[in-house]
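Okay, structure first, notes after.
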Amino acid sequence: MIWLVGSRGMLGTELSVFFEKRGIPYIGTGREIDITDRSTLRTFIRGVSSVVEWVINCAAYTAVDKAEDEAEMCRKINAEGAENIAVVAHEIGAKCIHFSTDYVFDGKRISPYTENGATNPIGVYGETKRNGEILVLQNCPASYIIRTAWLYGRYGSNFARTMCKLMNMEECVSVVEDQTGSPTWTFDLACTVGAFMSEPDIPFGIYHFTDEGNITWFDFAAAIYKKARKARVVKKECAVVPCTSDKFPAKVKRPAYSVLDKTKIKTTLGIVIPSWDTSLTSFLCSSED
Ligand SMILES: NC(=O)c1ccc[n+]([C@@H]2O[C@H](COP(=O)([O-])OP(=O)(O)OC[C@H]3O[C@@H](n4cnc5c(N)ncnc54)[C@H](OP(=O)(O)O)[C@@H]3O)[C@@H](O)[C@H]2O)c1
């Protein structure tokens, strides 16, 4: 049995559907089981401890800009909350899967970041996620930390869905071309979680996972437009124009280059990761929007 924490967010919903479709038993919880309150977690886990073998934590504070003003709340959820989950998972002898982010890096490199590369977050969100990684590994050594990036999918609010909405409403959308990364379909990440769970003896620790290939947000938006027009998800013409980040003043800078090296996960799990291009097509063709 799996305990899926944060089961109603973007990734949590994708995983819930993934488990349901495959008949994999899980218990999903949202805010009603507050991860910042260890005693609530303990009370909850006591009722199910004999059956829970995996704890998957999708709960997080993910509002990157707001985090600069709500640093304490962000820290409580991303660091203390992650620690609480690791502690209770360890107490019942469960394995833990926890998600982290490319934002633990500063984005100053020009080649992909490996798992053991030096972290240097440039904002509160990235800093709290890095602290969460450390606390999870310290408190539940039987943990996999999956660092991922640029998630999009059918559920929740995300770039691909927002772009499609805007392209159906506006004549023109401007998108930044000075940030490079790897768009990642939540369904591909769910499949990778499934691979971790079905392979025994995978060494615990940090793994990088994104879809293959790297592009700018502008390239990604242009590809969304082209494919969404073809799939009739975007029903009218819209110009997609490049701009720089200065056009969208934000509280915190994003890493300019956040490409993650995936050699470790590919060789350890023996998986072939789809390209962002193939996955975007699959997503748009399966989209109900
Ligand atoms: N989105 C991305 O592009 C991206 C990129 C890299 C890494 N990640 C990581 O991937 C993971 C999943 O991200 P996501 O985009 O799916 O996040 P999300 O959509 O924002 O979902 C996070 C969930 O956590 C829940 N939550 C927040 N505080 C909680 C608390 N105190 N107790 C219990 N639940 C709480 C939220 O509940 P409410 O719905 O009630 O707010 C929400 O359902 C996170 O660890 C994130 O850092 C995401």
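Which of the listed residues, LEU15, VAL87, MET73, is farthest toward the dipole's positive end in the chain, when Lys, Arg count +1 and Asp, Glu count -1 at the beta-carbon?
Projecting each Cα onto the dipole axis, the largest value belongs to LEU15.
Could I get the Rg over Rh figure for the range 85-171? Both from C-alpha atoms, Rh via Kirkwood, rounded to two places.
1.10
Starting with the highest mean, order 6-16, 269-279, 251-261 by the number of other Cβ atoms within 10 Å, averaged over the residues of each peptide.
The peptides rank, most packed first, as 6-16, 251-261, 269-279.
Rounded, prolate or oblate: which fits the range 109-157 when a ≥ b ≥ c are the square roots of the eigenvalues of the alpha-carbon gyration tensor, with rounded for a/c under 1.5 and prolate only if a/b beats b/c? Each step should come with its number before you reach the end.
Values: a/c = 1.57, a/b = 1.14, b/c = 1.37.
Cα axes put the range 109-157 in the oblate bin.
What's the local net charge at GLY117, with K and R +1, D and E -1, over the other residues with C-beta under 9 Å away? Don't skip to the end; give the middle numbers.
Working: positive: ARG109; negative: GLU115, ASP261.
Around GLY117, the surrounding residues sum to -1.
Just rank MET1, MET197, fewest to most, by other beta-carbon atoms within 10 angstrom.
Least crowded to most crowded, the residues run MET1, MET197.
May I ask for the Kirkwood hydrodynamic radius of the range 49-95, worked out over all distinct Cα pairs and given in angstroms to one decimal?
On the way: mean 1/r = 0.0855 Å⁻¹.
Taking every pair of different Cα atoms in the range 49-95, averaging 1/r and inverting gives 11.7 Å.
Taking the chain as a Gaussian network, where each spring joins two C-alpha atoms under 10 Å apart, which residue of LYS236, LYS264, LYS21 fluctuates the most?
LYS21
For the range 127-211, what is the largest minus smallest coordinate of the Cα atoms on each principal axis, given in angstrom and ordered from greatest to least?
Cα extents, longest axis first: 52, 29, 21 Å.
Viscosity 1.002 mPa s, temperature 20 °C: what is the translational diffusion coefficient of the range 214-289 from Stokes-Einstein with a Kirkwood Rh over Cα pairs, rounded to a whole number of µm²/s?
142
Summing -39500 (n - 2.57) over the DSSP H runs of n ≥ 4 in the chain and dividing by its residue number, what mean residue ellipticity at 222 nm do you reach, to the nearest 500 deg cm²/dmol?
Only helices count here, giving -11500 deg cm²/dmol.
What is the ratio of the Cα radius of gyration of the range 137-289 to 2.2 N^0.38 Å, with N the residue count, to two decimals?
The reported ratio for this selection is 1.14.
For the residues ASP69, ASP211, ASP178, what sequence is obtained by ranking on other C-beta atoms within 10 Å, fewest first?
Fewest-to-most ranking of ASP69, ASP211, ASP178: ASP69, ASP178, ASP211.
Tally Lys/Arg at +1 and Asp/Glu at -1 over every other residue whose Cβ is under 13 Å from the Cβ of PHE209; what's the total?
Taking every Cβ under 13 Å from that of PHE209, the sum is -2.
Determine the sum of side-chain charges near ASN139: Lys and Arg each +1, Asp and Glu each -1, restricted to other residues whose C-beta is under 14 angstrom from that of ASN139.
Net charge in that neighbourhood comes out at -1.
Over the range 1-97, consider all pairs of different Cα atoms and compute the Kirkwood hydrodynamic radius from their mean reciprocal separation; express it in Å, one decimal.
After inverting the pairwise mean of 1/r, the radius is 13.6 Å.
With label points built 7 Å along Cα→Cβ from the Cα atoms of ARG109 and LYS165, find their separation and express it in nm.
Using points 7 Å along Cα→Cβ, the separation is 3.4 nm.
Using only the alpha-carbon atoms of the range 26-146 as identical scatterers, what base-10 log of I(q)/I(0) does the Debye formula give at q = 0.09, 0.20 Å⁻¹?
Those come out to -0.25, -1.06, one per q.
So how strong a dipole does the range 192-289 carry about its Cα centre when Lys and Arg Cβ are +1 and Asp and Glu Cβ are -1, to the nearest 20 debye?
Once rounded to the nearest 20, the dipole reads 500 debye.
Can you give me the angle between helix 159-169 and the longest principal axis of the chain, using Cα atoms only, in degrees from 0 to 90, rounded to the nearest 10?
40
How do SER174, SER157 line up, fewest other C-beta atoms within 10 Å first?
Going from least to most buried by this count: SER157, SER174.
Work out, step by step, the length gained on full extension between SER157 and THR244: first 0.36 nm times the residue separation, then minus their alpha carbon distance; give nm to one decimal.
Gain on extension, SER157 to THR244, equals 29.1 nm.
Under 8 Å for C-alpha pairs, at least 6 residues apart: give me the relative contact order for the chain, rounded to a whole percent. Don't skip to the answer; put the middle values down first.
On the way: 570 pairs, mean separation 58.4, N = 289.
About 20 percent, as a whole number.
Restricting to Cα atoms and excluding each atom paired with itself, what does the Kirkwood estimate give for the chain in Å?
Working: mean 1/r = 0.0513 Å⁻¹.
In the chain this quantity evaluates to 19.5 Å.
Which of the lysines could a cross-linker span from LYS236 if the Cα-Cα distance has to be under 23 Å and same-chain partners fewer than 8 positions apart are dropped?
LYS165, LYS226, LYS227
Each reported figure results from applying straightforward, stated rules to the coordinates on display, with no laboratory input. All values derive from a computational prediction rather than experimental measurement. Here the Cβ is made from the backbone with ideal geometry for all residues, glycine too, and neighbour counts use every protein chain on show.
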